[in-house]
Amino acid sequence: MTGLDDIARIGADPRRGGYSRHGYDRAELELRTWFTEEAGRRGLGVECDRNGNLWAWWGPPGEGAVVTGSHLDSVPGGGAFDGPLGVVSSLQALDLLQAKGFVPGKPMAVVVFAEEEGGRFGLACLGSRLVTGAITPAAALRLSDPDGVTLAEAMRSAGLDPALVGPDVEVLRRIGVFVELHVEQGRGLIDLGAPVGVASSILAHGRWRVSVTGEGNHAGATLMVDRRDPMIAAAQVVLAARRAATGVEGARATVGRLVPNPGGTNVIPSSVDLWLDARAEDDARTRAVVESVAEAARAAAADEGCEVTITEESYGDTVVFDPALRDKVSTVLGGVPALPTGAGHDAGILAAHVPTAMLFVRNPTGVSHAPEEFAEAADCSAGVVALASALEALAR
Ligand SMILES: [Zn+2]
């Protein structure tokens, strides 16, 4: 797809495969420059809000705008479509509207939200959380990346003033409606035989940090009976996550990141941090999964003579997208199907404040957050046409 091809070299990750583009790193800054130039070529005026989100305005900025867009950052070793497909499609949808001489009756904008994946600072949807006040400025500025660089430092080196981050009612007032197009992160549209669909809901989901502390020691000189090895407890937490989620219908639990300290082959770690990602249909089921994992973690740590602490790093309850907007968009698109998703999005964060909707583009493998993530060119084009139709209907 043009647009995606233009940015294909930016942030490619030769070690993991796919792309590693994280908030305010070199790749993401390059993508922001690319976006600013692309928007400029179309006569859109680009501004950056206090929380690092980019806004490209068709005409003068104003309240009650029809806003589309997505994000440009990725998970570590992510695919080419998650995020950038929505941004590229938004620009191309405006191209279609401009080419046919459409004159919007409302302000229109394309937004690029900052650090949506949380791939660098650990908290997903950081840009939209800051705007909506879903995280306090103090808590956000304390976040740091794996190299110890804080969000404040990263923003400063990107030319932004971290002292200004925080809830932004002016920005929120400008959003009359937000429509985010995204590659589907599952097999829903394949099974339905449809290139494009609309989102009905997002699973309740959160991230928990599990820190197990034991006794660092020599891998050769320490007898097995003398060990207090936090990795043993951590391993049981991983297995408990699988067990807990399997026991709750529709639930998912993942440990995708585990960091032993100090991390030497011939060293019993002194501590292990791991992150539990848990999701389910509603709050009660999600909490049940996490409580079950927490219980197993406490038991495993006690067995090994270790200490464990569990910290909730983020949580979002089930999001049901605005039914009236969803139905309107679906009708404009000739009755495309509505389907739920297990993936979080900025549209989900904004949904508590403004009507939001999402369009999904079919993903032939269903794989996402991995280099194999894909969408056929024809389906991407169908997505652009669908997005343009939806925006036109909303901005008339
Ligand atoms: Zn995404």
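What follows draws every value from the coordinates through simple rules; no lab data is involved. Every value quoted in this text rests on a predicted model; they were computed, and no experiment measured them. Glycine also receives a Cβ, built like all others from the backbone with ideal geometry; neighbour counts cover every protein chain displayed.
If each Cα of the chain is one equal point scatterer, what is log10 of I(q)/I(0) from the Debye formula at q = 0.07, 0.10, 0.11, 0.15 Å⁻¹? Summing over Cα pairs of the chain leads to -0.33, -0.66, -0.79, -1.38. Regarding segment 204-316, what is the average projected area of its C-alpha convex hull, in nm²? Approximately 6.5 nm², given one-decimal rounding.
Take each complete run of DSSP H in the chain, measure how far its Cα atoms stretch along the helix's own axis, and keep only those covering 20 Å or more with mean Kyte-Doolittle hydropathy at least -0.5; list them. Intermediate values should be presented prior to the final figure.
On the way: long enough: 26-41 (23 Å, -1.01); 84-99 (22 Å, 1.06); 230-246 (24 Å, 0.96); 283-304 (31 Å, -0.17); 377-395 (27 Å, 1.46).
Counting only whole DSSP H runs, the qualifying helices are 84-99, 230-246, 283-304, 377-395.
If each residue of separation counts as 0.36 nm, what is the full-extension length gain between Arg15 and Cys48 once their alpha-carbon separation is subtracted? Once the chain is fully extended between Arg15 and Cys48, it gains 8.7 nm.
Give me the orientation-averaged projected area of the Cα convex hull of segment 139-262, in nm², one decimal.
Details: hull surface 55.4 nm².
Here the figure is 13.8 nm², rounded to one decimal.
With the convex hull of the Cα atoms taken as the outline of segment 244-289, the averaged projected area works out to 3.9 nm².
Placing unit charges on C-beta atoms (Lys and Arg positive, Asp and Glu negative, everything else neutral), compute the dipole magnitude of segment 204-316 about its Cα centre in debye, rounded to 20. Could you put the intermediate results ahead of the total?
Details: 12 positive and 16 negative charges, 52 e Å.
Rounded to the nearest 20 debye, it is 260 debye.
Distance between the pseudo-spin-label points of Asp6 and Ala299 (7 Å out from Cα toward the beta carbon): 5.6 nm. In segment 120-197, taking the dipole from charged Cβ atoms about the Cα centre, the farthest positive-side position among Gly186, Val131, Leu151 is held by Val131.
For the chain, what is the mean residue ellipticity at 222 nm derived from helices alone (per DSSP H run of n ≥ 4: -39500 (n - 2.57); sum divided by total residues; nearest 500 deg cm²/dmol)?
On the way: 12 runs with 136 residues, N = 396.
Helices in the chain give a 222 nm mean residue ellipticity of -10500 deg cm²/dmol.
Between Asn217 and Leu164, the simple spin-label model (points 7 angstrom out along Cα→Cβ) gives 5.5 nm.
Less than 12 Å Cβ to Cβ from Ala80, Lys/Arg counted +1 and Asp/Glu -1: what total charge do the surrounding residues give? All intermediate terms of the calculation are to be shown ahead of the outcome.
On the way: positive: Arg9, Arg21; negative: Asp5, Asp6, Asp13, Asp82, Glu372, Glu373.
With Lys, Arg at +1 and Asp, Glu at -1, the neighbours total -4.
A crude spin-label estimate for the pair Asp226 and Arg41, with each label 7 Å from Cα along the Cβ direction, gives 6.7 nm. Using a Förster distance of 41 angstrom, determine the FRET efficiency expected from the C-beta separation of Glu307 and Val367, and round it to 0.05. Here the calculated transfer efficiency is 0.65.
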